[in-house]
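Structure first, then comments.
The values are calculated or read from the model by the stated rules, or taken from the named source; none is laboratory data. Note that the structure is predicted; figures quoted are calculated from it, not measured. We place every Cβ from the backbone using ideal geometry, glycine too, and count neighbours over all the protein chains shown.
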Amino acid sequence: MSATGILPGLTRLYELGAFTVITLSVLVTKRRQARRVIGPLVTAHLWRAGVRQLPMTGFLGLALGLVIIGQTVALLTKVGAHEYIGTVMVTVVVRELGPLLTALVVLARSGTANAVELGTARALGEVEALESLGIDPVHYLVVPRVVALAVSVFCLTTYLILVAVVSGYLFAFLQDVPLTPAAYFAQLNDVLRWQDFVLLGLKTALFGAVIAVVNCYHGLARPLQIEDVAEVTSRAVVESIVGCVLVDAVFLVGYLLV
Amino acid sequence: MSGDPLIELIDVEVLDEATGRPLVRGVNWRAVRGEFWVIGGAPGCGKSAWLATAAGLNRPGRGTLRLFGNDLAIASERTQIACRRRLGFVFAHGGRLFNQLTVADNIALPLLYHEDGAPAEWPARVAAALARAELTAVAHLKPSRLTARLRQRVALMRALIIPTEVLLLDEPLVGAGRHGEEWWLDVLGEQQQTGVTVVVATDDFRPWRAVANRWAVIQGEQLLASDPAGVPE
């Protein structure tokens, strides 16, 4: 990468970091302020980013169960290694694919909508209108989205993993794999550690927060014209994916250490 | 009219927000309680930018802006928000309403956010504002369903739902029609009689002659005191 490409990248990273710090500061300092406004906004975003994504997440859980677990179980059984089914399941679905796939669903369905909404609000001058009313735009527009997306990605990931685990066993059962449900769940129980639950919670909440912050940053950070909204949305999608992968890489190190 | 200035601009340079180019230079202006200012000028001369700067929404290129005696450049966030709550602003061209909210919710938003007064009174205050703006029948609609003329009224009611001391309006009469002009002049006259300072940016002085008492015009990058015909003194 040339120097001319590195400098804007570093500047963007710095601005994104500053935006994240401002968001966290507002989240903490104004947590008790304007609850009658912020509370319903969090609920609305939870509905959009969480509840309304249940069918799509369930469908992906089924697909994951079929593709990963069904196939892997059948393959491991053929080579007489079906005692590793639990290990594969936890490593692939619980630690990696489940959170990442859920984050992509939330990004596609809700993160992009946030970037479009906020970019349009910025272009139409609604942010200045909020300021004129003494309303902090970060508190009103960003904080509810960050909270809702963090909670949504965590809950949806848990749901996706449960669907994948059950459907995976069903597919294995249909392939006549000699594995009882008790043996299957006992393997999972043996492999899962308490650290998996803690890291899963932290990772998924961070995925949601990264998606929300990156999309809100691109929608709000600088003056926009209405024709710029499409471009900033596509940039926000790319940077959200990069952000989630970077968070995932940090947690990978965490998994290796614990 | 006398007393401490509510808004004071000292040697202020007004910038174009998009380009950073100076539009009005060396502005020395103050507004005190009960004044009704009309600021005129040709389209594109910087009236809107001047108004936004006077309201503390745009940062001046240079000079000092004081709102209610507070220098905004060094004021804490708490002070800035307290100043904004004492000041209402109505944007031009439809008032920049929040398109995700209904008309009633747009008006109620400042009330709910700042928790102004007793919660039990809020529905009645919103209903009274809707009735005053003749908007009760459209209270449940989103702003995109209204004409620009009605959106501007919603914006005024949103600015007035919390009692203000200064009301700044950017081109409020554009597209208002004869009945609309009378309505606006009535409402703003009422505000002035209760001691609110009104500042209007416009390119047509004529409708305001019956209610305004202070006049200025932006000409050649300068803010100049003028007569009611818009001729600089």
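Close Cβ contacts (under 7 Å, 6 or more residues apart or on different chains) running from residues in the stretch A:118-141 that are within 9 Å of chain B (Cβ to nearest Cβ) to residues that are aromatic (Phe, Trp, Tyr) comprise A:125/B:91; A:126/B:98; A:129/B:91; A:130/A:140; A:132/B:89; A:135/B:113. Here residue B:88 clears all of (1) touching a residue at least 40 places away in the same chain (Cβ under 8 Å); (2) away from every other protein chain (no Cβ under 14 Å); (3) in a strand (DSSP E or B); (4) of a type outside the set (S, T, N, Q) except the condition numbered (2).
Checking the structure you have, find out if any residue of the stretch B:41-53 is closer than 20 Å to residue B:217 by Cβ, part of a strand (DSSP E or B), aromatic (Phe, Trp, Tyr) and at pLDDT 90 or above.
First pass over the stretch B:41-53, keeping only residues closer than 20 Å to residue B:217 by Cβ: B:41-53.
Retained after the next criterion (residues that are part of a strand (DSSP E or B)): B:41.
Narrowing the set further to residues that are aromatic (Phe, Trp, Tyr) leaves none.
No - not one qualifying residue is present in the stretch B:41-53.
When you look at residue B:91, is it within 27 Å of residue B:154 (Cβ to Cβ), modelled with pLDDT of 90 or more and in contact with an Asp or Glu (Cβ under 6 Å, 6 or more places away or on another chain), yes or no? Taking the combined requirement at face value, the residue satisfies it.
Of all residues in the stretch A:11-61, those being outside any helix (DSSP H, G or I) and either within 14 Å of another protein chain (Cβ to nearest Cβ) or surrounded by fewer than 17 Cβ atoms within 10 Å (Cβ to Cβ) (or both) number 5.
Sort through B:168, B:130 and tell me the only one that's touching a strand residue (DSSP E or B) at 6+ places or on another chain (Cβ under 8 Å), at pLDDT 95 or above and among the aliphatic types (A, V, I, L, M).
Step by step, each of B:168, B:130 is checked, and only B:168 is touching a strand residue (DSSP E or B) at 6+ places or on another chain (Cβ under 8 Å), at pLDDT 95 or above and among the aliphatic types (A, V, I, L, M).
If I ask for residues that are closer than 25 Å to residue B:100 by Cα and either more than 12 Å from chain B (Cβ to nearest Cβ) or without any contact (Cβ under 8 Å) to a residue 12 or more places away in the chain (or both), which ones from the stretch A:92-113 would you list? Of everything in the stretch A:92-113, those that are closer than 25 Å to residue B:100 by Cα and either more than 12 Å from chain B (Cβ to nearest Cβ) or without any contact (Cβ under 8 Å) to a residue 12 or more places away in the chain (or both) turn out to be A:105, A:106, A:107, A:108, A:109, A:110, A:111, A:112. Within the stretch A:18-34, residues that are of a type in the set (Lys, Arg) reach partners that are in a helix (DSSP H, G or I) with beta carbons closer than 7 Å, at six or more positions or on different chains, in the pairs A:30/A:139. Within the stretch A:8-57, the set of residues being of a type in the set (D, E, K, R) and within 16 Å of the chain's Cα centre (by Cα) comprises A:48, A:52.
If only residues of the stretch B:176-208 that are more than 30 Å from residue B:21 (Cβ to Cβ) and in contact with a strand residue (DSSP E or B) (Cβ under 9 Å, 6 or more places away or on another chain) are counted, the one that is surrounded by the fewest Cβ atoms within 10 Å (Cβ to Cβ) is B:189. Here residue B:79 fulfils each of the conditions (1) within 14 Å of chain A (Cβ to nearest Cβ); (2) assigned to a helix (DSSP H, G or I); (3) under 18 Å from the mean Cα position of the chain (by Cα) apart from (3).
Taking the criterion of being within 14 Å of residue A:121 (Cβ to Cβ), part of a helix (DSSP H, G or I) and touching a helix residue (DSSP H, G or I) at 6+ places or on another chain (Cβ under 6 Å), the residues of the stretch A:219-240 that qualify are A:219, A:220, A:226, A:229, A:232, A:233. Taking the stretch B:96-119 as the range and being closer than 30 Å to residue B:44 by Cβ, within 8 Å of chain A (Cβ to nearest Cβ) and either in contact (Cβ under 8 Å) with a residue 60 or more places away in the chain or assigned to a helix (DSSP H, G or I) (or both) as the test, only B:97 passes. Checked against the criterion of being at pLDDT below 90 and out of contact with any Ser or Thr (no Cβ under 8 Å at 6 or more places or on another chain), the stretch B:19-40 contains one or more residues that satisfy it. Of the helices (runs of 4 or more DSSP H) that lie entirely inside the stretch A:114-218, those containing 3 or more residues that are at pLDDT 90 or above and polar (S, T, N, Q) span A:143-174.
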